[in-house]
Structures are given as C-alpha cells and as structure tokens.
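Notes to accompany the following structure.
The values are calculated or read from the model by the stated rules, or taken from the named source; none is laboratory data. On a predicted model such as this, the values are computed, not experimentally measured, just so you know. Cβ: placed from backbone, ideal geometry, glycine included. Neighbour counts: every protein chain shown. Accessible surface is based on the protein model in full, side chains and every heavy atom, while ligands, DNA and RNA are left aside. Shrake-Rupley method; radii C 1.70, N 1.55, O 1.52, S 1.80 Å.
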Amino acid sequence: MMTSSEIRNSFVDYFKKQGHTHVPSSSLIPENDPTIMFANAGMNQFKNLFLGLEKADYNKAVSVQKCVRAGGKHNDLDNVGFTARHHTFFEMLGNFSFGDYFKKDAIHYAWDYLTNDLKIPKEKLYVTVFETDDEAADIWHKQEGIPRDRIFRFGEKDNFWRMGDVGPCGPCSEIFYDHGAKAGKETDPYKGILAGEDRFVEIWNLVFMQFYEDGPGKRSALPKPSVDTGSGFERLVAALQGKYANYDTDNFAPMISKASELSGLSYETDPEILRTNAQVRDRVAAMRVLADHCRSVSFLLADGALPSNEGRGYVLRRIMRRAIRYGRKLSTQHSFLPVMSEALINHMGGFYPELKARQNHILSTIKDEESRFLQTLDNGTAIFHDEIQKLKKQNQKTISGETAFKLYDTYGFPLDLTALMAAEEGLQIDETAFEQQMNLAKEKAKASWKGKALQADEKHIIELGQKYSKSPTQFTGYNDLTTSSSIVSISNGKNEVSSLRAGETGLVILQKSPFYAEGGGQVGDHGSIKTENAEAVVHNCTKNADVYFHHVEVISGELKGVDTAEASVETADRRQTTSNHSATHLMHTALRKVLGDHVTQAGSLVDSSKTRFDFTHNKPLSPDEISRIESLVNDEIGKASPVKAEVMGHKEAISKGAMALFGEKYGDQVRVLTMGNFSCELCGGTHVNNTAEIRAFKILSESGVSAGVRRIEAITGNAAISYFMKNTEELLNARHSSGIQPEKTMSQWVEEKKDEIKDLQKQIKKIQSNQINIDDLLKSSKDFQSSSGPAKLVFADLSIDDRDVLSQISDQLKNKVQRGIVVTIGQSESSHPVIISVSKDLNSQFKAGELLKDFAQVLGGKGGGRPDFAQGAVPDRSKLKDAIDLISKKILQ
C-alpha cells in the first residue's frame, strides 16, 4: 500500500515526465486577489495566467496546492470532524495547460495515472461530463475505452465551471470512486452521484476552459483553450488505502495517535460503532477536529497569518479556539493543539519546508493563544451554563444576542463556538441581535480619519489595471524624481473621462512615472503632475497589474488626456521615507541576530515620519535587547556600507542568501537589496545608496500587537537627530536645575530620590495613623448579638484618602473589638475610599463583600472582596447617613 507521501510525490513525478513544470504551492494568503480570503483551489495562483494578465516561461504546470476553506462562501468549519471528508485544510493536486494541450491529453493523463500508475481498478471508477459535451464523452469512450454506461451526463449545476460572472468558463468532467456497498445503500451509481451519496466520491475534476463569457448567454470561443484540473489529495489517499473516512489514512495518523496517547482514549474507525455509540462518536469527532485544525493552524501560521479579531486573523483564531475547546472535551489535564501541531510539522515538513523553517514561531504562537483563551474559557463557560439554566427555567430555546456578544467581546468566544455549545444543549442563538450588538460596538470604536483621499471604485481600478496591463507603467523613480510622460488615461474614480477640471479629484495613468506605488509596506509617493495648462496635486500612488494609479486633485486649469505631463515627487518626504525603509531592513536583520531566527516580518508601514515594523516574537523586548538592536543598526549606518540593488532569478536570489518574506508573491525575476555584508532581502522599495545616508536610528516604542507578534516604531535621519538633541538638552537642563554632580548618572539620582520618597511616604502614613485615637472611634460603636456571641459594629468616618492608612486603622479597630464589623470611609476630592472588615468567626453570618456592595450602592459606588475584607469607592457622601442606617439595620436587627 502506498503511503500518502509516496502518492503526493508520484503525482508530481508523473506530470513532470509529461513535460509539466513543477510549481510549488502558493501561500495560503492570496496575493493581490481580494475575491478570496485564503487559497482554496489549485488554480488560484495561476488565475492571471488564465486571464492573460501574466506570462510564464512554461505552458504546462503541475502543483500540490495548500488550501483552506473556513470562511466566507467556502466554509466547511461546522462540518469538520463530524463527516468523513470535510476539512478546513486540504491539498489539491492539479495539472494545468495554458493554451497547450486540451481535452484529449487531459483525459488521458488522468485515466493513465489513476489506472496504470496508481493501479486503481477500472471497475471502481465512473465518469461524468457536461450534458452537451459530446466531445469529452467520445474521448472517454473511444480513446480510453470506458463503456458508455459508466459515463453520466449532468447539467450546469454539476458540470460547468465559471471563474466569475465575466471571464473564462467551460464544461468539466469528473471522475468518481466507488467505496463499495458498505459506504452507502444506493446501488445505482448515477443516482448515487446525483444525490451526493458518500459511496461515490469525486476524486478528480477536469475543467476545460474553452469559452469566454461576457454576460448571461454571451459566450465566445477562446483562441487558446486551457485546462485546469483538481484532485482532492485526502480523498485520493483514502481510496488507495481502502479507507472510507479521510481521517483513517496515514495522512492523519500521526496527529490522531498523539490525541489518543494524551487523552488515554482509543480512536475508533468501525462505522457501525460510530453510528450506534454516541459517546465514542463524540470522542472520535473531537480527535478528528484536532487533527484537522492543527493542519490549518500550522500552515496558516507558516504562511504569515496571525490570530486577531478581524479578517483572516479572526478565522484563524476561530479555528484555534474551536480546537482548544475540543481538546478540553478530551481532557482538562493536557494541551493537545501544540503537541499535535508538532507531530504535523514532523509528518509534512519534508514536502513543505516552510513548516520546519517556522516551527518555533508556529508552536510558540499556538501556546500563547491557547494560554490566553484558557484564562477566559472556564469563566465564559460558566456564564454560558448560567444562561442555559435560566432559559430552561423559563422554557426558552434561544440564547440572547447580548449574551453571545458578551462571550465574544469579554471572553473571546467566536460566535460559531457559542453556537456549537448551544447546539449541544439543543439551543440556538439570536444571531440577528448578536450582529446588532457587533455593529453597535464597531460604531463606538470607529476612529475619525481626517485627511484627503480619493474614494475610487475598487472594481473600476481592477478593470483599468487589466485594460492597460499589456503596457505597464514604466517606473523611473529609483533614479529620477521628475519624469516627463504622456498621459495614458484619466478617470474620475468610477469611469474613464477625457479631462479633470480644477477642484475635481480622480486617477491618472502615465506612461512613465517617478512615483513609487504603495506596496511592500512602503506608502505611495506624493507630489505633483503639471501640464502646460493644468496642475494637480498627487495625494497617493497605488498600482494594479503593474499599472500605476496617481490619485490626484486638480488645483488649477484642466488636466486633459492628450497632454504631456511633468510628474514630480515631493523630494524631502521621499528622502525620509527611503531612509526609514533602508533602516527597516537593517533592523530586521538586527532583530534576528539579537532575538533569534524565528523572527520574521509580520507587517510594516514605512512613511516619511517613521517606520512601523511588526515581527514574530512571543514576549516583550527587554531594555538591553532594544539597546543591542539600536547599536547594531547604528553601527551599520556608521560603516557607510554601499547599498546595492540587483535583479536576478528567484532561485539565484534565495541561493545567495536573500531573505524572502512569508506571504509575499514573487515573480521569476526579483530585486535583491544588499547592505554591505549585513542585510540581504528581496525588496522592490526605494532605498538609500549608502547606509551613511540614514544618519541615525532610534526606537521610540515596542509593544504587543497580538499573540506572538510585537511592534516596533522607530525614526531615522533628521527626526532621530532632532530627538537626540531635544532629549540631550532636556537632560542637561534637568541635571543643572537638580544640582546633580557630574560623576553621578541621572538614573542613579532618580533611584536615590525614589527611595527618599518611599521613606517619606512611610513616615507620613505613620503620622496620619498615630493621629487617630482608636479609643475615641470605639465610643460610638454599637453592640449586637451574633451567632458566635457578643460583637460590635464600628463606623469610622475619617478625612483621609490613603487606603493603606485606612486599612491600618480598620485592622486596629477590628483587633481592639476582637469580634465585630468595622466600616471605614475616607474622604478624597472625587472618589471616596470605603473598607469593611469582618471578624472571621462572623463570616458564616456576615460577608464583607456583600455588606460593601449594599453600602456602596447607596452612595453610587461599587466594590468587592473576600468574606473578611472588602474595599471599594463611592462618589457621593451626601447619603452617608442612609448607608450607615442600612448596614446598621442589616446587622443589629
């Protein structure tokens, strides 16, 4: 029996023998494709090749593509673990033809590989074609010898593929594998396939792109038809290994084995036992969820995704937290996700080296996220069960949107996790009310953004990019900041126009441009575009399909499409942005030298005022680490090393040691930026010619962004020099006015003063406490009979705002009366402190926390604490007599 690793390699090897180029899987994080959240099909990375927007040095390709379906339209999350073949992460085997071969070869390759290389019995396979695709049906029958009664025809819903409303499309042909009678009751393959019964499983889909669709019913033949095929790897492995469920193959065995080992529970594969024994079924589902989720989590982290509360990061967090909760269902004593992820890395790291390369980052991020969630999981679960009890008493079946949002907002429960827990209790969630709460929270959190920006229609920009992509903008800005160019196109942001007048905003496409287009973390340039009769301010520059869009506001005259323009970048801002970008490269290398090779870029923003750099690291930097990083960068600046940019092949660049960023898409030719012997990275941004031009580097702040990600903000050049001079002047003035001796450092003087202040504070508190006559306070005490014997109730109203002093006085009073209750209230300018102490032998009858709550509520405050000691604060002392009467009544009656 072939192993999953052997099957994967055999697929690639087969198509390489047929003249295909092996193209490694793209990142799960799509590059420049806003239509999908994650890579979810083998053709994603070839989309622009099929559309004719890009060219490659091959016309036949084979790939094994990493895919995730856990958000948006393609969302399998809720089914994962409970069915035989739903997954969040899966691999898609694919072979592709870009205008080379078509139906005959595509069909032959698929049948030859399955029946000859993999030796799948032909009687186990069935084929479907589009209802009118006689050509494909004839090829299957005449060329490959498949009987016509094993070729089924289906309509558009099942056997016609479209890239979108507009674009390439065509019929498809699918190959189904018959798992046998034990997998389903339907014996008629046509009916079984049509009904989607589990017995008949699709293992390969051949898409024949032969038309271009301009709209409903408007199809034209493509001049060079193409082929896009996809074979679900997990399904193929299950078929070859004779397993009904994908999870029972060796592809999942190492992770499920770990789950079984940690939990001390066995993993069951017998379908009959799983059908009839709910306890075993739930246990197996939990193991399968963990086995699947550790795959998607590990691969997403390896490709640069990070857990957060929005977008892709939120989907990742949902998967992680769903897995963590299922781990808790297996055992509360063990941590499953990190251990199973490590098993996954060892199992698949050979074919996917990024797993091994980022192993430390993957595991540390998982551990951090698990630690954060477990801190709130038990509290959130308790609130959830309290809500369930209330609903059951009221005979209701719906958890309120407010409760679901509280679990989300306060305890980090994704909505689908709460929904899953509710379903287990036979309940549902008011999702409409949840969304209302969510929208309300978003409105409250919206920050006002001030500034001028063009709100261009995104679809319009994409269309313009495609229209002019065959003549991409020539970027001259590496060497020149002013360029003369013809105007290619003008747009008002929604439609192409012939001109823009003074006061109007829009987009301008130039044949040549010195403006850097926003990308790689660097902001777009700004400046001006001038013609003989008009002038426009360029607020930003972006690009799509290598076409540069200058976001302009015309300030005088009329900017016309027929004009020749002079485009000029604002020099000072570009120079400072360039300095900050180059310093970012030096800082990246310095971070890896000081903290370790696990550090990689997780995001960046470089503009003229600063560089903001997000990087993978799971704890705050110490002052010493920050100092060492600054020293390394400033040392490189001082060396005046030359900065060299070279264009070379991607493989050559990597072999040279250039650092490639995870999640970035690179072409065959890449730009390599080298700074002396210190830094070497792939980068298309603008940079200094010599490190000395950076002048100086200073880290302003270091903070956490999310689990496993830190952020540094730093300045360079004039900003850094000004910062140093300002701080030096302030330090010298402080030393002079404080009379600090030259031989003593400022930090030494500050520490001495802090010690002096602490000593004085102790003396003040002692004086304040000694000024209070405890016996005088006891004169107004009231006796009462407790369940433990005679006791006293004491109220102390003091004009003191120091809690430590009040606490000391409270203890003295309680010790003096031996058995009793002491209520102490102080005075402050706004919020007045309150302390209530209760002798421990009275705790069965009176609890300090409950008494404080009642007392503070009368005065508009709040507080809490232990049964013997509680404290709080109140804003309003005007009702103090009412509060005292309330407590007296509770205790003395």
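Structure data summary
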{"read-out": "Alpha-carbon gyration tensor eigenvalues x 5, square-rooted, for the chain, Å", "value": "59, 44, 26"}
{"read-out": "Heavy-atom accessible area per residue - segment 738-829, 1.4 Å, Å²", "value": "63 Å²"}
{"read-out": "Top positive-direction residue, dipole computed over the chain with Cβ charges, set Thr187, Val12, Pro254", "value": "Pro254"}
{"read-out": "Whole-percent pair-distance distribution, where bins are 5 Å wide, for the alpha carbons of segment 598-752", "value": "2, 8, 13, 16, 18, 16, 11, 6, 4, 3, 2, 1, 0"}
{"read-out": "Principal axes of segment 662-765: Cα extent on each, largest first, Å", "value": "73, 35, 21"}
{"read-out": "Entries in Lys840/Lys879; Lys766/Lys853; Lys512/Lys543; Lys779/Lys879; Lys17/Lys243 that, when Cα-Cα distance is taken, lie over 20 Å", "value": "Lys840/Lys879; Lys766/Lys853; Lys779/Lys879; Lys17/Lys243"}
{"read-out": "Expected-Rg normalisation [2.2 N^0.38 Å, Cα atoms] applied to segment 350-445", "value": "1.39"}
{"read-out": "With all protein chains modelled, accessible area of Val166 [1.4 Å, Å²]", "value": "80 Å²"}
{"read-out": "Kirkwood-based Rg to Rh ratio, segment 786-893, C-alpha trace", "value": "0.94"}
{"read-out": "Helix-derived mean residue ellipticity, 222 nm - over the chain, DSSP H n ≥ 4, -39500 (n - 2.57), to 500", "value": "-12500 deg cm²/dmol"}
{"read-out": "Förster radius 60 Å - calculated FRET efficiency between Lys185 and Met746 (Cβ-Cβ, nearest 0.05)", "value": "0.10"}
{"read-out": "FRET E, pair Gln893, Lys393, Förster distance 25 Å, beta-carbon r, rounded to 0.05", "value": "0.20"}
{"read-out": "Hull volume in cubic angstrom per residue (convex hull over the Cα atoms of segment 317-372)", "value": "80 Å³"}
{"read-out": "Solvent exposure of segment 178-333 as accessible area per residue, Å², 1.4 Å probe", "value": "40 Å²"}
{"read-out": "Diffusion constant of segment 54-149 at 4 °C, which comes from Stokes-Einstein with the Kirkwood Cα-pair radius and 1.567 mPa s, µm²/s", "value": "79 µm²/s"}
{"read-out": "Label-point gap, in nm, between His736 and Ser308 - each point 7 angstrom along Cα→Cβ", "value": "4.7 nm"}
{"read-out": "Cα-based radius of gyration of segment 464-511 once divided by 2.2 N^0.38 Å, which approximates compact folds", "value": "1.27"}
{"read-out": "Principal-axis tilt of helix 623-638 within the chain, Cα atoms, nearest 10 degrees", "value": "50 degrees"}
{"read-out": "Ser831 versus Arg628: modelled label distance in nm, points set 7 Å from Cα along the beta carbon direction", "value": "4.0 nm"}
{"read-out": "When segment 712-767 is reduced to its Cα atoms, the Kirkwood hydrodynamic radius in Å", "value": "13.9 Å"}
{"read-out": "Dimensions in Å of segment 216-356 - Rg and Dmax from alpha carbons", "value": "18.6, 63"}
{"read-out": "Using alpha-carbon coordinates, inclination of helix 803-817 to the longest axis of the chain, degrees", "value": "50 degrees"}
{"read-out": "Between helix 880-892 and the chain: long-axis angle, C-alpha atoms, 0 to 90°, nearest 10", "value": "80 degrees"}
{"read-out": "Selection from Tyr408, Val647, Val547 lying farthest towards where the dipole of the chain points positive, charges on Cβ", "value": "Tyr408"}
{"read-out": "Estimated distance in nm for a label pair at Asp775 and Ala253, the labels positioned 7 Å out from Cα along Cα-to-Cβ", "value": "8.7 nm"}
{"read-out": "Student exercise, segment 138-195 dipole from Lys, Arg, Asp, Glu Cβ charges, in Debye to nearest 20", "value": "140 debye"}
{"read-out": "Selection from Thr578, Ala422, Phe90 lying farthest towards where the dipole of the chain points positive, charges on Cβ", "value": "Ala422"}
{"read-out": "For segment 465-545, the Rg and Dmax computed from alpha carbons only, in angstrom", "value": "12.4, 35"}
{"read-out": "Average accessible surface area per residue within segment 1-147, 1.4 Å rolling probe, Å²", "value": "42 Å²"}
{"read-out": "Convex hull of Cα atoms in segment 582-675, direction-averaged projection (nm²)", "value": "7.0 nm²"}
{"read-out": "Rounded to the nearest 10 Å², the accessible area of Glu652 at probe 1.4 Å", "value": "110 Å²"}
{"read-out": "Share of carbon and sulfur in the accessible heavy-atom surface of the chain [1.4 Å probe, %]", "value": "46 percent"}
